[in-house]
Amino acid sequence: MRHKLLTATLFAATMAPGGQADEPAPEKQVAALSEQHRLAAIQGDTKVLDAVLADDWVVVGPTGAVETKRQQEKKIKDKSLVFEEIDPKEVKVRVHGDAAIVMGLYHIKATLNGKTVDGVFRNTEVFTKQAGKWRCVFNQVTPSRGRRPRSADGGWRGRVRRTASRTGQAGVERQLAAPAAAPDLARIEAFGS
């Protein structure tokens, strides 16, 4: 009897507060899934994406357009969307019960319909715990302020010229290099159109 009680006590002492022995902290679990998501996108691995992303996952891209999991997987499978590089600059994970937020700054280089997109983006991922398993349910991708994405032909290109008004106050005048140089947002829709 004493032996059984001692065994039960030792077993209970090795259990994590959630009831499972040696289960990593939720922050580490979510960070690992976020990394799997990043690597699967670069490798074009739709099976891993399917496992990490919830069935109702959506992404809001830099243009504000919404894309579903199936729409993005289709683009990856038919190679109309190829992520060449998703280089994390900073990544932070916050857990709130059964929800977690991953916010990061990434240099992303991709090809969408044969056109290159290259820039720095803020990416926010939302994970929820579903049936005891973390899944990504939402992404928001936004061009980083002051570091706008550039397409291969220089879309987002432009010049800023400092001017002085007649009253002597300094001003700023934005001049686009050419009409074609205006932001071509279709080129960055790969990140969440």
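All of the numbers you see were taken from the coordinates with simple rules; none came from a lab. Since this is a predicted model, take the numbers as computed values, not measurements. Heads up, the Cβs are rebuilt from the backbone with ideal geometry, glycines too, and the neighbour counts pull from every protein chain shown.
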Cα-Cα over 25 Å, subset of 109/133; 75/115; 69/133: 109/133
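Work out the length of the dipole vector of the range 56-147 about its Cα centre, built from +1 on the beta-carbon of each Lys and Arg and -1 on the beta-carbon of each Asp and Glu, and round it to the nearest 20 debye.
Numbers: 17 positive and 11 negative charges, 17 e Å.
Here the size comes out at about 80 debye.
Could you please report the charge total around residue 132, scoring K, R as +1 and D, E as -1 over all other residues with beta-carbon less than 15 angstrom from its beta-carbon? All intermediate terms of the calculation are to be shown ahead of the outcome.
Working: positive: 129, 133, 135; negative: 23, 98.
Within the 15 Å Cβ shell, the charges total +1.
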All aspartates and glutamates inside 16 Å of residue 129 as judged from Cα atoms, apart from same-chain residues fewer than 8 positions distant: 23, 27, 50, 55, 56, 98
Order of 101, 108, 86 - criterion: other Cβ atoms within 10 Å of each residue's Cβ, fewest first: 101, 86, 108
Footprinting exposure proxy for 135, 70 (fewest neighbouring C-beta atoms within 10 Å first): 70, 135
Per-residue Cβ neighbour rank within 10 angstrom, fewest leading, 144, 34: 144, 34
